[in-house]
Amino acid sequence: MNTFRQRFFGNPRVIGGLAWLGLVIMVAIAAPLLSPHHPFEIVAQPFLIPSVEHPFGTDSLGRSIWAGLVHGARTTLVIAILATLASVAFGTLVGALAGYFGGWVDDGLMRLTEFFQTIPSFIFAIVLVAILTPSATSLIVAIAVVSWPPIARVVRGEVLSVKAREYVQAAVLVGQEDMAILFRQVLPNTLSPLIVTGSLLVATAILVESALSFLGLGAPNLMSWGFMVGAGRSFLRDAWWLVTIPGVAILLTVLSINLVGEGLNDALNPRLSDL
Amino acid sequence: MSAPILRIEDLRVALPAWSDRPLAVDGVSLAIARNEILCVVGESGSGKSVMAKAVLGLLPAPHVRVVGGAIHFEGRDLLRAEEEEMREVRGGRISMIFQEPMVALNPLMKVGAQTDEIFRVHTDLDAPARRQRVVELFSDVHLPDPERIPDSYPHELSGGQRQRVMIAMALALEPALIIADEPTTALDVTTQAQILTLLKELQGRHGTAVLFITHDFGVVAEVADRVVVMRNGRLVETGATGEVLRAPQADYTKALVAAVPSLHPRHASAPDQPAPALALRGLNKVYGGRAGLFGGPGRRVHAVRDVDLEVPRGRSVALVGESGSGKSTLARCVVGLERADGGDIRLDGENIAGFSRRQLKPYRHLVQMVFQDPFASLNPRHRVGDIIALGPTLRGTPKREAWDRARELLGMVGLQPEAVGRYPHEFSGGQRQRIGIARALAMEPALILADEPVSALDVSVQKQVLDLLDDLRQSLGLSMLFITHDLRVAAHVCEEIAVMRHGAIVERGPTSEIFADPRHEYTRQLLDSVPGKGWEH
Amino acid sequence: MTGLRLLRYIVRRLLQAVPVILGVTVLCFLLLQLAPGDLAEVLAGESGGASAEYIQDLRARYGLDKPVLVQLGVYVKNVIFFDLGFSFRHSANVSDLLLERMMPTLLLMGTTLVLSVGVGALSGLFAAIWVRTWRDHIISLGAIVAYATPLFWVGLMLILVFSVWLDWFPTSGMENVVMFHEGWDRVVDIAHHLVLPAITLSLFYLALYARLMRATMLEQRGLDYVTTAKAKGLTERQITFRHVLRNALLPVVTMAGVQVGALLGGSVVVESVFAWPGLGQLAFEALFSRDFNLLLGIFFISACLVVFVNIVVDVIYVLLDPRIRVDE
């Protein structure tokens, strides 16, 4: 049996995904160094085609697209990761309590989850951002609020299955308290599906964030890839690269996260991928 | 012996690179004649199922593949036959019965249609004629109402009925050979006895050869003409059933045969009757019955009904029953994992029925449980020392002391004390069961509740664990309630026995008396159903 | 499965849906109360002078000055009688507006659903049949890329290539209003406008179902009943189409149900990109003009739609899987 490490890093898709993600993360961290210009600063003539000085050209107001890309990477990643963490934390809590305690706790929490799944999530996110007034925080809150239900369902299912295992009964028999059982015996054994779902959720969060920014509901003072696509759409006919370049950046990043997430899944559940 | 119809020569089957050994089947040769039942016996990992699947070319390609040998059947080598030729053989000349009929049947297709399919692919019969044949087959395997059963889905039938459907499918085209891969392992004892009788009856009537894969020497004694013993992919011993069972030659076979517990009760019943460590009075447990919002009334299941039972101090009592008899529910009520709906549960005289979890806490250590599944009963993320020491530390024992005690206990159950620092996945099934026993002992209980503690273990390990439990019980003066479906196991470790059916206890008393003179109809039926009951080694 | 039992099941599901939909309505109502600004402020802002008295007057006129719970009670009572109120912005009944704008959205969603489930399941099926061949690799690669592509960007790229460069399809709208097409011509015209938005919205879900279908086909193929079928002498093709296919469709059907809400959300983006005159566009306008009656109406109708499609999906599931008992 190969080790997890071998299965994970031996997968060329994972390596490809990790390479791009690594690049994006480094660019995001080093954004101020890589681009001396503020992303909203007008640096040259509008609609310049790519050149040495402005590697990806300039947009309709003469802002550097390169500056937008590197600062956008920051915004997009930070918002997506924070939103994912928030929704994983909340979803895990709801799912764990529902699955472990069952009965009316389960009924109540699952009704709540269904509720949130009945409201079309993207419309809900739009309304939330509008109500909270667009900002980085409200984007994070909105994305988290619409993304936790699937996490809750996954965790609940896992907790139900782990709870039925005999080592949990053994813990009850030696007198361990409910909360200690939940956190020491049950939850650590639901980690691997949670990690996989969580990592794939980052990709979804990026898609939601860029769609919101595209519609003009992004954080007003932060450059983001979705916003760049939205700002460029009126000039599609004459300056198609304004839309294409940030779109490709979103596509590649989401694709890489999906590849890594699936690689994790394959490496953690080797039987499924082998047969 | 007449000319063999199937001859396997030097068969070798390779496992994928990441497996623990290169070959699943390593140079096995055997032959089977017309009208013969050949049993292939082995423990898990012996390669017996892989060999059976190789005959029909059903190995999960590309990971497991045949790398050498020949399989001669009706004048050709099946390993070198074209795919089209193999399809003619499959279902037509050789058919197969699997272990778990629930998953071996397509859940979305009526059983009649699944049987009908064989005639559709192998014959030119028209629809009414095929239907006629299906009904005939179903009546041949003694399915009730053979006119209507074809229109049922698999989930609507019982386990025994599903296996009868599988047998009907296997017999459909009067094949020359039937391969039966543990066909009764997933069934209850009484159902198993019926299916074995049916298989023998049909085999005798049609003169079919049967290659019967099993791990159970009782079943071998019941059905086999000849036996082949396998271990780690190699053939260990072969011979006529009577000889192998009476006078096995190979050491491994000797050990396997000796590991089968005898049906003669080992402990004589003691004349005195000490005070009970556990006494149940009128215990009841009902599941369901709660009506849902807008839903109709839920189904009520009376899982335990009016049960009276005692476990005298220092004695071992077997609670015997088939699946669904309520024996596990009873156990869960006793240890407080379920709340009983009525009746008394007296532990050392104290009635704990209806106690909340908080109220139960001071009594927890009195009863500890040994679980069935050695792979699910130890938390894979905790070290063995933490697993054993958890209970004592929760009761206030300092951690260092609890760990020292854990080392001691590991020694008592026959493991190295250093095992405290290792994780469960580093141990085999039998060793894990020993760790589970150590965990139970760490609480210094008065009563051990063992729920089918050996049913998931290989035969050769079963007896070691049983003997360990029995020795510990006697040397520590423990009482034990032992839940099992296997009367041989009950005879081996218990002085008293209680037989449970449909939630109620139908008969109880000293094991030796009940085995010698069963009063209740169902007890007699259970005893009659034990495979290989006539065989004593 | 008798028809009557199924009918009873459907009625029960519809009854169970009522509290869910009311709950969603209440939740959204309370949420919108938190929003900064209201209709009165927006109207006053637009008319230039915004004296406090004028705003107060407007609030009183629209009942916005009453306590929140009273407003909520009135609203819920009206909803129960299918009165969704009046849109002061559009000077029309909310229900009339919704009816008018629902058809384009339903058309878009329906087409997308059929396209994505149909083509998705087929691609997944063939990828599984051709597993580990170059055909499978192409389908799987296409699916994983489509699965990672933002909807709005696909829409813009399709417009760029097929409208701007090739001029095959119109860039926006649902029909060519100035041509006054009627009858069949109008159908063709709408279909022509529908192509790009439907493809845009389908692509992601198509990829989702294709991947799911491929994975479940492969998983099912490893199960024991497939070995049984093989041991009966069936060909690979017979096994795939008679046994595996139906079993593998079940998770796809479930997923299609789960995704309806998301599909509706996705249509907001697509409607915005293609100026498709549907509910999504309407929601967007309503939000920015603080037309909360209209917005609430849209939430109400969306929740109804999601619940309804979920019931339909569950009925399909019951018909496909005999193990589901509807009378429990």
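Just so you know, all these numbers are worked out from the coordinates, no wet-lab data involved. Fair warning: this is a prediction, and the values are worked out from it, not measured in the lab. Glycine also receives a Cβ, built like all others from the backbone with ideal geometry; neighbour counts cover every protein chain displayed.
Remarks
- Peptides B:524-530, B:366-372 ordered by packing proxy, namely the average of other Cβ atoms within 10 Å per residue, highest first: B:366-372, B:524-530.
- Value of D in µm² per second that Stokes-Einstein yields for the protein assembly as shown, Kirkwood Rh from Cα pairs, at 10 °C (1.306 mPa s): 46 µm²/s
- Given +1 at the Cβ of Lys and Arg, -1 at the Cβ of Asp and Glu and no other charges, the dipole of chain A around its Cα centre is 220 debye to the nearest 20.
- FRET E, pair residue B:258, residue B:34, Förster distance 35 Å, beta-carbon r, rounded to 0.05: 0.55
- Sparsely packed GluC sites (Glu not before Pro) within region C:161-237, loop by DSSP, other Cβ within 10 Å at most 12: C:182
- Kirkwood Rh, Cα atoms: Rg over Rh of chain B: 1.00
- Sparse-neighbour loop sites [trypsin sites (Lys or Arg not before Pro); region C:66-168; at most 13 other C-beta within 10 Å; DSSP]: C:132
- At least 24 Å along the helix axis (C-alpha) and Kyte average at least 1.6, DSSP helices within chain B: none
- Of interest is the spacing of the C-alpha centroids, which for region B:225-257 and region A:239-256 amounts to 69 Å.
- Contact order normalised by residue count of chain B, Cα under 8 Å, 6+ apart, percent: 16 percent
- Bridges between two residues of chain B, per DSSP, are antiparallel at a rate of about 55%.
- The listed peptides C:158-165, C:211-218, ordered by packing as a protection proxy, come out as C:211-218, C:158-165 (highest mean of other Cβ atoms within 10 Å first).
- Shielding by partners for peptide B:375-384, expressed as the average number of C-beta atoms from other protein chains within 10 Å of each residue's C-beta, is 5.
- The ellipsoid that matches the Cα gyration tensor of chain A has semi-axes, each √(5λ) in whole angstrom, of 41, 23, 14, with the longest given first.
- Between 0 and 90°, nearest 10: helix A:136-163 axis offset from chain A longest Cα axis: 30 degrees
- Exercise: per-residue mean of other protein chain Cβ atoms within 10 Å, A:158-171: 5
- Length-normalised contact order of chain C in % [C-alpha pairs under 8 Å, at least 6 apart]: 27 percent
- Per residue of C:303-314, other chain Cβ atoms within 10 Å of the residue Cβ number 1 on average.
- Region B:90-109 versus region B:135-153: alpha-carbon centroid distance in Å: 16 Å
- Ranked by the mean number of other Cβ atoms within 10 Å of their residues, highest first, the peptides B:149-157, A:142-150 fall in the order A:142-150, B:149-157.
- Between region C:257-296 and region B:2-54, the alpha-carbon center distance in angstrom: 64 Å
- DSSP-loop trypsin sites (Lys or Arg not before Pro) across region A:1-38, with at most 10 other Cβ within 10 angstrom: none
- Remark: relative contact order (region A:4-274) = 25 percent; criterion is Cα-Cα distance under 8 angstrom and separation of 6 or more residues.
- Dipole axis of region A:4-274 (+1 Lys, Arg; -1 Asp, Glu on Cβ), positive-most option in A:116, A:18, A:92: A:18
- Annotation: extensible slack from residue B:10 through residue B:418 equals 142.6 nm (criterion: 0.36 nm per residue apart, minus Cα-Cα distance).
- Long pairs among B:254/B:533; A:163/B:399; B:200/B:533, criterion Cα-Cα beyond 22 Å: A:163/B:399
- Estimated [θ] at 222 nm from DSSP helical runs (n ≥ 4, -39500 (n - 2.57)) normalised by residues in the protein assembly as shown, nearest 500: -17500 deg cm²/dmol
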